[in-house]
Each structure stands twice: as structure tokens, then as C-alpha cells.
1. Ignoring everything except DSSP H segments at least 4 long, calculate the 222 nm mean residue ellipticity for the chain; use -39,500 (n - 2.57) per segment, divide by total residues, nearest 500.
2. I'd like the trypsin sites (Lys or Arg not before Pro) in the range 1-69 restricted to DSSP loop residues with at most 16 other Cβ atoms within 10 Å, sorted by number.
3. Can you sort Glu54, Glu23 by solvent-accessible area, 1.4 Å probe, largest first?
4. If the cut-off is 23 Å between C-alpha atoms, which lysines fall inside it for Lys481, apart from same-chain ones fewer than 8 positions away?
5. Spit out the partnerless Cys residues in the chain, using Cβ distances under 4.7 Å as the pairing rule.
6. Based on alpha-carbon positions alone, could you give the equivalent ellipsoid semi-axes of the chain from the gyration tensor, as √(5λ), descending, whole Å?
7. GluC sites (Glu not before Pro) within the range 419-481: which are DSSP loop residues with at most 11 other Cβ atoms inside 10 Å?
8. Using only the C-alpha atoms of the range 188-253, find the volume of their convex hull and express it per residue in Å³.
Amino acid sequence: MMTGEQYVETIRNSNLEIYMFGEKIKNSVDSPILRPSLNSVKATYDLAQIPEYEDVMTVTSHITGKKINRFSHIHQSTEDLINKVKMQRLLGQKTASCFQRCVGMDAMNAIFSTTFECDEKHGTSYHKNFLDYLRQVQEHDWVVDGAMTDPKGDRGLAPSQQADPDLYLRIVERRADGIVVRGAKAHQTGMVNSHEIVVMPTMSMKPGEEDYAVSFALPADTKGILSIVGRQSCDTRKLENSGMDVGNCEFGGMEALVIFDDVFVPNERIFLNGETDYSGMLVERFAGYHRQSYGGCKVGVGDVLIGAAALAADYNGAAKASHIKDKLIEMVHLNETLYSCGIACSSQGHRTKSGNYLIDMLLANVCKQNITRFPYEITRLAEDIAGGLMVTAPSEKDFRHEKLGPFIEKYLKGVDSVPTEHRLRILRLIENITLGAAAVGYRTESMHGAGSPQAQRVMIARQGNIESKKALAKAIAKIEK
């Protein structure tokens, strides 16, 4: 396994094509805006080196028998599924941001079982391709970016009906040695910090849409792949060399629009090539795994936000107020409910034909449905407890100013024993998580990450088995068929 510093150097030495604010980024490692997101990924390597966290951060590979980072593992039991959620909560607590490796882990587990079943029916060799690829991922301890979401264009039209057929990533040429793909993947978490990108179809494809039913893996710096970094609220504060105003001084997340400009994929890196009947399975299994993930990562960030809100109450002198205590209790209640969902869908997982373990799909979708709601209420309560100063406080430059600083120190003081700077720092952290750059990885992503709320409701309706519940009611009421 790599150390955190070794990981940083691999990204420094890569040839990723990255654009931000209309300019090409020569080295993302040294970019003040992108470096915090790199630090979050680095934490997944650093924590794996600490004996205290070994049980959740590392595991023995079922392929090689070697010790590996859990992010490159194929789940072999319900215990693995549970430890995955525990790992994600830990990293959320340590970074208070998105640490960006979950999508790749979830993609690899979905591809593992789907390729096995596709080969079983069609006689293809996708599972072997994937196993060979997985060995490389584990051997090199790579960060893998999972890419599912297409731009989609007109949501009312199927992929093949779009005015521009490239609005869904597709195969534009099939050759003896591989395929050529064109299109884009949106909202790509951590792409600029990744060694590899694994592509999946964005939805279940139908006969006639074979060119869109494609899955493959490529190095992230492959020629023809480029990333356009997305904007985040307050992102340019990182350029000001002001730790106080950023809120989270070390960690962050990032998203990108990733373009595939006629990119060649060799046969050995292809995991699906026109088999529309397995595109839906891949999409649903990935979505299930990723909806499980939110019961860990968002809960960890929630722990930090709850702690920050409690500190704000202390610093404001309001900690003893009954309504403040009640609001903190409610925040904990909501956060632990989310964690309970992540643990529940993990503990009720089952073995697939391929041998890896899949979560309980109904409970995973219930988990994510709650994630679309509870973090918003936790955020509202944190903002309520923090008070209006959270969004009206002067800048750090004002605080350090020879003339203005003493006024700010005097008039923005809360509890006398607490330095004004401490009060301002904790308010900026709350701002960062609820409104700033980290909100992308907490509040907004809670709504749309791993699919929109309606996507979960569709799956809940499909898996809720209303007919069996009707039968139960009929039996109790003595109603014959």
C-alpha cells in the first residue's frame, strides 16, 4: 500500500489534462484551489497506515491474499459491507469533506458481479478482463474515479433520440483491438486526483441502444480525456491565504465535467460492449452500493457539523438554553438514524453469484432517501444555533488589521473566556459545511448524489413488495382470495 506522500507524488507525475477558470492547470498538486481535495484523498492513504484504524481502513484481498486498502476491495461478507460504512464515517469525521474514493469502490463491486453474470449468459470474457484490471488496482493502490452520470440533454428523450447523440457517452467505432468512445461524464468527484477512471452506462439501455451500453476502464491521463473543474461557492477564498475565512483549512472536495474526445479503449479494458440486457443490472447495483455509502460519509461530516454547532453555542454563551440542547439532540438523532440505515442495509446484504456481497437494495434506497432530507434539517439547525454572525463576520484581513482588528476583537467577543478568533473560526467552519465549498459534498450532494430523490422512490416502489403486504393484511382480516 502507498503512503499519503507517495500518493501525492504519483498525481504530481501524472499527465492529467485539467482546465479551471479558462486556463489549463499545469499541476493540480500545487493549485491552492485543488490541493485541499487532494489532501482529502491523501487521508485515505494516511489513515490506512495507522494501526488504530487498520480494521476498517485495510483488508486482505480475496484475489492475492495481500493486505490492501479497503477502497480497492471486493466485499466478501456482510462484515465487509459494515466496515465499509464505518470507514466512510471515520473519513468524514477526519476531513469534514468528500474524500472521493467511494464512487470507484462502488463501481468496481457492481462491475465485478455484473460481468460474472453477463459472461454466464453471453459467453463473453468481461469478468476475466475485470479481474485482471482489479489485480492492477490492488497492486498499485490506485485511486479509481467511477463515472456514471451522462449530461443527458433532453430528459424527455432516449439516448438515441437526442439531437446530439454524444449527450450520452457512446461507442463511435468498433475495431478488432478495441473501441473508440465519445461523450462526457458530469459531476465527476475526484477525477483530478485519480489514477484511473471506470465508466458505466448512466441508465438501463434498450435494444437499439447498444452503442450506449458500454463499460470500461482507462488511465485518467489517457489522451483525449480532459477535465473541466466545476465551481464551488467560496472557492476562490483558498487563493487568499486565509485559513480562517476558508473554514476547513486543510481538506475539500471537487467535481469535474470529464470529456471523452474520441478515446480508444483496448479490448482487455472493456467490461460491457453492447449488452443492453446487463446495463440495467450494472446501474442498479452501483446505485445501491453508492446509496449505502451515504450512510457513512455524510454521517461523518454530520458529526463535525454537530460538534461545530455545539461549540458555537458554547462560545455564544447559549449552551445551557433548553432549546439549544433540544436542537443538538435532534441533530444527533437525525445523524444516527442515517448511520443506522447504512448499517442496516449492510447487515442484510447477500452473496451474489460471483461471490461478492451486495447490500439489501430496498434498505440502501431508504438510506439515500433519508439522506436527501436529514442533512438539510441538520444544516438548518446548525445555522440556527450559529447565529447571523456566521454570514456577516468580517474577513481575516480585517481581523488582522492594525486599526480594525481591535474593534472586531472587542465587539465580536462572545463568552469572555473564549478568544474572538476561536468564535470566528468555528463560525467559518459551519459556513464552509453548510454554504461554502464543503456544502457541495454535504448538503447539495445529499440531494443529487447517487441519483435524485425520485430515483430512490422508483426503486423503493419496485422493491417494496406491496402485494405481499396486502396478503398479510388479508390474512389478519380473514379475507379469502
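1. Value at 222 nm, helices only: -15000 deg cm²/dmol.
2. Lys26, Lys66
3. Ranked list, largest accessible area first: Glu23, Glu54.
4. Lys469, Lys470
5. Lone cysteines by the Cβ rule: Cys98, Cys102, Cys118, Cys234, Cys249, Cys297, Cys345.
6. Square roots of five times the eigenvalues give 39, 29, 21 Å.
7. Answer in residue order: Glu480.
8. Enclosed volume per residue, from the Cα hull, is 131 Å³.
The values are calculated or read from the model by the stated rules, or taken from the named source; none is laboratory data. All values reported here derive from a predicted model rather than from experimental measurement. FYI the Cβ positions are ideal-geometry reconstructions off the backbone, even for glycines, and counts take in every protein chain you see. These area figures cover heavy atoms from the full protein model, side chains too; ligands, DNA and RNA do not enter into them. Shrake-Rupley method; radii C 1.70, N 1.55, O 1.52, S 1.80 Å.
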